[in-house]
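Just below is one structure, and these are the notes that go with it.
The values are calculated or read from the model by the stated rules, or taken from the named source; none is laboratory data. Keep in mind it's a predicted model, so treat the numbers as computed, not measured. In this analysis, Cβ positions are derived from the backbone assuming ideal geometry, glycine residues included, and neighbour counts consider all displayed protein chains.
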Amino acid sequence: MAKAKDIMRTDIICVEPDTPIKIAFKLMKNRKICSIPVLHYDGSVAGVLSEKDLLGLFKADGGQQGQTLTSNLMTWGIITADENDDIGTIIDCLCKNHFRQIPVVSNGKYVGMVGRKEVLAKLADIPIKI
C-alpha cells in the first residue's frame, strides 16, 4: 500500500512564524495555494496558515494587516502525517478532520504535504474489483 512519502508533494513553499502576514498572503496568492506550512527554525512544523485564517483577519480589521505576523493568525498545534503512514491512515485523517491537506514529517521535521488531490490521484491508479 502507498505511503505518505510515495505521494506527498515536496515543492511546497514554507514560512516562519515571524513572517509578516502580507508576505505569506502574497505567496499564497501568487502560487494559488489554499494553505502554507509554518515551520520553526529547526524544521519542525509550527502550524499552518490557511485561507480560513486569512478570512478571519479580513473580517476582524477589513484587511488592514499592518505589522501582523503569521504567528498571530496561523493555526498552531496541527495534526501531521508521518512519511511512513499508509494511504488508508491519510484518508482517515483527511476525512475525520475535514482537511484538504496535511503536513508530512520525518523524525519530527517537515518533509512535504499530502492532500486530497494526491490521494485521489493514487487511488485512480488502483484497479477496482467489482
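The table below gives the values:
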item: When residues of region 1-44 are limited to those that are of a type in the set (V, I, T) and part of a helix (DSSP H, G or I), the one farthest from F99 (Cα to Cα); result: I23
item: Total residues in region 24-46, condition surrounded by 13 or more Cβ atoms within 10 Å (Cβ to Cβ), in contact (Cβ under 8 Å) with a residue 40 or more places away in the chain and either within 17 Å of Y110 (Cβ to Cβ) or of a type in the set (V, I, T) (or both); result: 7
item: When residues of region 98-122 are limited to those that are closer than 17 Å to V38 by Cβ and of a type in the set (G, A, S), the one surrounded by the fewest Cβ atoms within 10 Å (Cβ to Cβ); result: G108
item: Members of region 30-69 that are at pLDDT below 90 and at positive phi; result: G62, G63, G66
item: Number of the exception - A2 against (1) of a type in the set (A, V, I, L, M); (2) farther than 14 Å from M74 by Cβ; (3) surrounded by fewer than 21 Cβ atoms within 10 Å (Cβ to Cβ); (4) within 15 Å of the chain's Cα centre (by Cα); result: (4)
item: Candidate set from region 80-127 (those that are assigned to a loop (DSSP other than H, G, I, E, B) and touching a strand residue (DSSP E or B) at 6+ places or on another chain (Cβ under 7 Å)); member that is nearest to S50 (Cα to Cα); result: R100
